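Data block below; observations after.
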Amino acid sequence: MRTVVRTVSWVLLFAALGAAGASWFTPTPRLDADDASDLALDALSGAEVDVERVEPPVRMVHETGEGDLVDAWRVLVDVRARGADEQVELRVQESAGQLVYVDDLIGDAGTERLLSDEQFEVLRQHRDDTLADRWVLRNALAAIAAIGIAATCYLLATRSDPIWSAR
């Protein structure tokens, strides 16, 4: 019986450590539509833009200025500015939680900008790290649990003689 307990303990010890290590190699979760809307609203709120309405986000592929393709959410927002309702398009990167594109061009020819340079700078710097924070917290808790399991398994594997010989 001691041999079985020791063998199972060693297997569980390495399985727990392997599972904890593997959790750090899983990709961070991706933003869903609600997260993308919230991020867009938070960014616009930080830039002091008066948001009237947000349309449901649409998943898309955004091409960056360097020609890279990025999975993103397209969020259309109606804003009140300069005494009129205008529409602003924001694209939120699905994997990083940051804005990758803002289209605020208005007017008949689409040449007039709705947002000021200061507002654009606030939008450019806005980033939401809640997904990454949740990923780190999940992995840290998995590592702590794995260490507890591994310590218990190690004790059982190396000190099982006194437990089983007491009978």
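The values are calculated or read from the model by the stated rules, or taken from the named source; none is laboratory data. Just so it is clear, the model here is predicted, and its values are computed rather than measured. Here the Cβ is made from the backbone with ideal geometry for all residues, glycine too, and neighbour counts use every protein chain on show.
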Quick one: in the stretch 102-112, which of the residues that are part of a strand (DSSP E or B) and aliphatic (A, V, I, L, M) is surrounded by the fewest Cβ atoms within 10 Å (Cβ to Cβ)? Leu105
Out of (1) farther than 20 Å from Leu123 by Cα; (2) assigned to a loop (DSSP other than H, G, I, E, B); (3) modelled with pLDDT of 80 or more; (4) hydrophobic (A, V, I, L, M, F, W, C), what's the single condition that is false for Leu31? (1)
Taking only the stretch 51-92 into account, find how many residues are β-branched (Val, Ile, Thr) and closer than 19 Å to Gly107 by Cβ. 3
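With respect to Arg59, is the statement that it is within 30 Å of Arg138 (Cα to Cα), modelled with pLDDT of 80 or more and not hydrophobic (A, V, I, L, M, F, W, C) true?
Values: within 30 Å of Arg138 (Cα to Cα): yes; modelled with pLDDT of 80 or more: yes; not hydrophobic (A, V, I, L, M, F, W, C): yes.
Against the criterion (within 30 Å of Arg138 (Cα to Cα), modelled with pLDDT of 80 or more and not hydrophobic (A, V, I, L, M, F, W, C)), Arg59 qualifies.
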Which ones in the stretch 87-101 are without any contact (Cβ under 8 Å) to a residue 60 or more places away in the chain and surrounded by fewer than 20 Cβ atoms within 10 Å (Cβ to Cβ)? Gln87, Glu89, Ala96, Gln98, Val100, Tyr101
Can you name every residue in the stretch 62-86 that is of a type in the set (A, V, I, L, M, F, W, C), surrounded by fewer than 11 Cβ atoms within 10 Å (Cβ to Cβ) and more than 16 Å from Leu114 (Cβ to Cβ)? Leu69
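Does at least one position in the stretch 48-64 carry a residue that is touching a residue at least 40 places away in the same chain (Cβ under 8 Å) and on the phi > 0 side of the Ramachandran plot?
First, the residues of the stretch 48-64 that are touching a residue at least 40 places away in the same chain (Cβ under 8 Å): 48-49.
From what's left, on the phi > 0 side of the Ramachandran plot: 48.
Yes.
Mind listing just one residue for me: the one in the stretch 27-36 that is of a type outside the set (Lys, Arg) and in contact (Cβ under 8 Å) with a residue 60 or more places away in the chain and, of those, surrounded by the fewest Cβ atoms within 10 Å (Cβ to Cβ)?
In the first step, residues of the stretch 27-36 are kept if they are of a type outside the set (Lys, Arg); the result is 27-29, 31-36.
Narrowing further to those that are in contact (Cβ under 8 Å) with a residue 60 or more places away in the chain: 27-29, 31, 35.
Values: Pro27: 7, Thr28: 16, Pro29: 15, Leu31: 25, Asp35: 19.
Filtering first and then ranking leaves Pro27.
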